[in-house]
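Have a look at the structure below before the remarks.
Throughout, read-outs are computed from the coordinates displayed, never taken from laboratory work. Values in this document were obtained by computation on a predicted structure and should not be read as measured data. Cβ sites come from the backbone with ideal geometry, for glycine too, and all protein chains shown count toward neighbours.
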Amino acid sequence: MLKVLLLGATSAIAEATARRYAAQGARLHLVARDSERLSTMARDLEVRGATSVTTAVCDFASPFDAAALLDSANTALEGLDVALLAHGVLPDQTRCEQDLAALRAAFEVNTLSTTSLLTALANVMQAQGRGCIAVIGSVAGDRGRQSNYVYGASKAALEVFLSGLRNRLCKHGVQVLTIKPGFVDTPMTAAFKKGPLWTTPATIADGIIAAIENKRDVVYLPWFWRAIMMIIRAIPEKIFKRMNL
Amino acid sequence: MLSSGWGRYPGIETTAHQPATRTALCRVLASTPASLIARGMGRSYGDASLAAHSVVMTRLDHFIAFDAEAGTLECSAGVTLSAILAVVVPRGWFLPVLPGTGFVTLGGAIAADVHGKNHHHDGSFSQYVDDITLLLADGSILRCSRHEHADLFHASAGGMGLTGIIVAARLRLRAITNSYIDERLLAAPDLDTTLALLTQHEQSTYVVAWLDVNQSGARRGRGIVMLGEHAATGGLETDCRRPLSVPLDMPAWLLGRPVTRAFNALYYARGARNADSHRVHYANYFFPLDALNDWNRLYGRRGFLQHQCVLPPAGAREALGEILRSVTASGLVSPLAVLKGFGAGNDNLLSFPQDGLTLTMDFAHSADSLALCVRLDDIVVAHGGRLYLAKDAAMSAATFRAGYPHWQRFQEVREKYRALGRFASLQSQRLGL
């Protein structure tokens, strides 16, 4: 029976993934900031077939003790097979151009809290010599665009961090998975106009589970984003800087 | 954003609120001064879920409690019937009443008090609902049942979301030993044979007839009567089909006369050939169209109308004949038509099913098909029948009042719970509710 830790568990993608694991009878430990949503979700996952569901409240926008958080997760789950880091914010780009506090807050949640958690997790996983660390990045991290380079940079930093961590942990039998979803219809993107490139959290969850099972390193979800981003990355900077993206 | 029902007619510019928690839902209600209507998967066909402000309930899709010994389930209104089956079937339980698609929410199934192929034995969906938790106009949350706030329960089950917002419900499940149905198909060359077979086999658990309404003369009303029984053996597999999608709006001629007539002729021939009993998975039996995502696009950009009426037993045969003659006289075709016998109705104020025959037809939306529906409505009213609110996009207030004699009582209950003017849809405005 799989023991799964979900950080940012109430995010739409994490919840969809948790439901897949619950149907498999996994043990789940959920960490998020909203206790009402955590308890609703815990009952739901139990009905869906999870062997056990435990929860902890933590706001990753404020200082927190990553080691203590992992300790209690490890105790609740009696071990750790998969950790999914799914918390994140989509900052208002124009506001971040004027307001340094907003800029810092975005990096605090998306980058600093995640790398703190990853550091603590890496030590646990390295010691046990197995497991999977999966992190939600973004296609936005592949290239900075004027419309959301703050968000993109906060996710791009993760990508480099994860590539180093993967290099370190692969020698210890630990999988480090970078997940790069494209446009997903979630509360975080509620304000956006949806088109044919958009997908659902459930589709992303299927992709995450498959990528973990298949021991992948970096996945684009859905797959066609790999091609789209390859093209976007190939545009010379001289041209790219003049585009309205 | 532009919003419409499953028939894609009519459409309306709407602000769609999508709360993910009960607290957020209460906030939406408190901060929206205009009237609003709850919406689930958008599978009602006409304008029942359309308003300038809608509350999309699909993110409130959590299970609350499941007693696998007693077969009782409590969940939030946004859970779909397919999702419920995926959870309860492996543990030997089933939903006692299933409509033609699993892609409806629990809240929508209660609000429309949906029925299935077993109505003649088992009644409609709400008859397995023990209680409903509603968010009322004043922001309070109230649980109602047949014993507590019974007036609210009987107005809300079948009440099309006009009494408040259904946030959760408790229901009773039916025990099964496997997830398969033994299906038998019986070909009937004309309407009288179809009707005779429906009556002759009413002991079967599931009975429904596909009807070819596009034939005239001797073949008018030929059909395939489909019988179903829960199978004796088999596993408890859930629906694992990978649906195909209709990627874009098809041209309007696709479901025009030639294709519709050819499709119905093939369907009849296939049914006539496969008279033996065969075993099918519940998903293929109850939800054949769920294997094709966005099938409503087959009708093209202009959408379609679905007309479903129930005709009391006394004049049903005569009324059916008049309806079929009106359809052929109009020159329009119905790609898919279904006929079934209902059992007795229930105590809800606006529930659709009542003793008699129910006929469902689809027509591509046009001025002609709207005019045809008016003629059909007149035939239905003249024979003491009524139309299904979950399908309706066009009936008049007079047709509604003639078919639903408890409408005034319904309004009194709405007034008591201060729902008048607070919860409203394009449909409720059209019907004078």
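So the values come out like this:
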| quantity | calculated |
| --- | --- |
| Footprinting exposure proxy for A:Met230, B:Met160 (fewest neighbouring C-beta atoms within 10 Å first) | A:Met230, B:Met160 |
| Choice from B:Arg39, B:Arg401, B:Arg242 with maximal GNM fluctuation in chain B (Cα, 10 Å cutoff) | B:Arg242 |
| Rh by Kirkwood over Cα pairs, then Stokes-Einstein D for region B:292-386 at 0.890 mPa s and 25 °C, µm²/s | 173 |
| Distance (nanometres) between label positions extended 7 Å along Cα→Cβ at B:Ile141 and B:Ser31 | 1.8 |
| Cβ-defined net charge surrounding A:Leu221, 10 Å radius [Lys, Arg +1; Asp, Glu -1] | +1 |
| Theoretical FRET efficiency, 1/(1+(r/R0)^6), r = Cβ-Cβ of B:Ala175 and B:Ala196, R0 25 Å, to 0.05 | 0.15 |
| Cβ neighbours within 10 Å from other chains - mean over B:57-70 | 3 |
| Dipole magnitude of region B:80-164 about its Cα centre (Cβ charges: Lys, Arg +1; Asp, Glu -1), debye to nearest 20 | 300 |
| Potential extension, B:Asp294-B:His121 segment - 0.36 nm per residue separation minus Cα distance | 59.1 nm |
| Estimated inter-spin distance, B:Arg302 and A:Asn123, nm [label 7 Å along Cα→Cβ] | 7.0 |
| Antiparallel %, DSSP beta bridges [both residues in the protein assembly as shown], to 5 | 60 |
| CD proxy at 222 nm, helix term only [per DSSP H run n ≥ 4: -39500 (n - 2.57); per residue of the protein assembly as shown; nearest 500] | -10000 deg cm²/dmol |
| Cα centroid of region B:12-32 to Cα centroid of region B:204-224, whole Å | 44 |
| Cα-Cα over 29 Å, subset of A:Lys3/A:Lys180; A:Lys215/A:Lys241; A:Lys194/A:Lys215; A:Lys155/A:Lys238; A:Lys155/A:Lys215; A:Lys180/A:Lys241 | A:Lys215/A:Lys241; A:Lys194/A:Lys215 |
| Sorted peptide list for A:17-25, B:23-31, A:193-201, A:139-147, criterion being average Cβ within 10 angstrom, highest first | A:17-25, A:139-147, B:23-31, A:193-201 |
| Gyration tensor (alpha-carbon) shape descriptor, region B:180-396, a/c threshold 1.5 | rounded |
| For region A:116-189 versus region B:291-359, the gap between their alpha-carbon centres in whole angstrom | 54 |
| Backbone N within region B:193-235 under 20 Å of label point (7 Å from B:Arg273 Cα along the Cβ vector) | B:210-212, B:222-227 |
| Linear extension gain, B:Asn346 paired with B:Arg91, 0.36 nm per residue minus alpha-carbon span | 88.8 nm |
| Beta bridge orientation in chain B: antiparallel %, DSSP, nearest 5 | 90 |
| Gyration tensor (alpha-carbon) shape descriptor, region B:166-281, a/c threshold 1.5 | oblate |
| Taking all pairs of distinct alpha-carbon atoms in region B:63-176, Kirkwood radius in angstrom | 14.0 |
| Computed magnitude of the charge dipole of the protein assembly as shown (debye, nearest 20; Cβ of K, R +1, Cβ of D, E -1) | 1780 |
| The protein assembly as shown shape via C-alpha gyration tensor axes, a/c threshold 1.5 | prolate |
| For A:Ile212, B:Ile141, order by how many other beta-carbon atoms lie within 10 Å, fewest first | B:Ile141, A:Ile212 |
| Ranked list, fewest to most other Cβ atoms within 10 Å of each Cβ, for B:Ser334, B:Ser145, B:Ser428 | B:Ser145, B:Ser428, B:Ser334 |
| Calculated FRET efficiency for the pair A:Ser35/B:Ala52, C-beta based, R₀ 56 Å, to 0.05 | 0.95 |
| Environment charge of B:Ser277, counting only residues whose C-beta is closer than 9 Å and scoring Lys/Arg +1, Asp/Glu -1 | -2 |
| Percent of beta bridges antiparallel (DSSP, chain A, rounded to nearest 5) | 0 |
